[in-house]
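This report refers to the structure that appears directly beneath it.
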Amino acid sequence: MLGKLIIFAAPSGSGKTTIVKELLKILELKLAFSVSAANRKSRVGEEHGKDYYFLENEDFKNKIHNNEFVEWEEVYAGRFYGTLKEEVKEKREAGKNVIFDIDVVGALNIKELYGDDALTIFIMPPSVQELENRLQNRSTDSFEEIKKRIAKAEHELSFADKFDKIVVNDKLPEAVFETRKI
Ligand code: 5GP
């Protein structure tokens, strides 16, 4: 049987990536992470093929041209991210439920394509101020980058009610428990 698609989206800094990583540890959920392609450089600790397929601009554009993406987007100016068709197909055919950590527009596009095979979950930060604190504490992004992410977050929050489920991430263990139940 083909696996289902479980798509997480949230403003950057909402804790979505941490929640997804916690869920992946629960073996009975039979989850496999959909590794996206991106044209950005890897951050410290990130691995090619595990966190992202880090591609050169040229490679990314070729894949767009060859229609290899389920969806792709310029999430920030000059920053491209996309879900590869082969990635989803392979994991679903292996009977895995594919779990996605992508942006809100990408999430809603995938839902549109896969309908009832897909479940969309929006991870909501307790507040925009808390989001800003988290991005600053993460200290992986420059001041400019954080400003860009906050501006985008405010826009993304307006999409929350288009998702199948909303989970507020105030305390991480509770948010993990809630998403696990869903
Ligand atoms: P980051 O650079 O922090 O890893 O990710 C930036 C944003 O791009 C996040 O909101 C992340 O979820 C989103 N993103 C990652 N992969 C994809 C993808 O395949 N498609 C889309 N549309 N967004 C993605």
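The values are calculated or read from the model by the stated rules, or taken from the named source; none is laboratory data. On a predicted model such as this, the values are computed, not experimentally measured, just so you know. So basically every Cβ, Gly included, is an ideal-geometry build from the backbone, and we count neighbours across all protein chains shown. Protein only, heavy atoms only, side chains kept; ligands, DNA and RNA dropped before computing areas. Shrake-Rupley method; radii C 1.70, N 1.55, O 1.52, S 1.80 Å.
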Check: Pairs under 9 Å by beta carbon, first residue under 30 Å from residue 61 (Cα atoms) in the range 21-41, partner outside any helix (DSSP H, G or I) and among the basic types (Lys, Arg), six or more apart or different chains?
Finding: 31/96; 32/96; 33/50; 35/50; 38/79; 39/79; 40/79
Next item on the list: Say whether the condition of being among the basic types (Lys, Arg), within 28 Å of residue 158 (Cα to Cα) and in contact with a helix residue (DSSP H, G or I) (Cβ under 7 Å, 6 or more places away or on another chain) is met by at least one residue in the range 27-44.
Entry: no
Next item on the list: Please find, among 80, 54, the residue that is within 12 Å of the ligand (Cβ to nearest atom), under 21 Å from residue 146 (Cβ atoms) and either without any contact (Cβ under 8 Å) to a residue 40 or more places away in the chain or open to solvent by less than 40 Å² (accessible area, probe 1.4 Å) (or both).
Entry: 80
Note to self: Please list, ordered by residue number, the helices (runs of 4 or more DSSP H) wholly in the range 90-182 having 3 or more residues that are open to solvent by less than 70 Å² (accessible area, probe 1.4 Å) and closer than 18 Å to residue 23 by Cα.
What the structure shows: 172-181
Note to self: I'd like the full set of residues that are open to solvent by less than 30 Å² (accessible area, probe 1.4 Å) and more than 8 Å from the ligand (Cβ to nearest atom), limited to the range 31-51.
What the structure shows: 31, 32, 35, 39
Item checked: In the range 66-77, residue nearest to residue 152 (Cα to Cα) [restricted to those that are open to solvent by 30 Å² or more (accessible area, probe 1.4 Å) and either assigned to a loop (DSSP other than H, G, I, E, B) or within 8 Å of the ligand (Cβ to nearest atom) (or both)] -> 77
Check: How many residues does the range 1-30 contain that are within 13 Å of the ligand (Cβ to nearest atom) and either in contact with a Phe, Trp or Tyr (Cβ under 8 Å, 6 or more places away or on another chain) or aliphatic (A, V, I, L, M) (or both)?
Finding: 8
Next item on the list: Scan the range 8-56 residue by residue and report those that are among the polar types (S, T, N, Q) and either assigned to a strand (DSSP E or B) or touching a strand residue (DSSP E or B) at 6+ places or on another chain (Cβ under 8 Å) (or both).
Entry: 14, 17, 34, 36, 39, 42
Notebook entry, point to check: Quick check: is even one residue across the range 29-42 at pLDDT 95 or above and at positive phi?
Noted result: yes
Checklist line | Tally of residues being modelled with pLDDT of 90 or more, of a type in the set (Phe, Trp, Tyr) and over 16 Å from the mean Cα position of the chain (by Cα) across the range 126-178 | finding: 1
Check: Does any residue of the range 108-115 turn out to be more than 10 Å from the ligand (Cβ to nearest atom) and aromatic (Phe, Trp, Tyr)?
Finding: yes
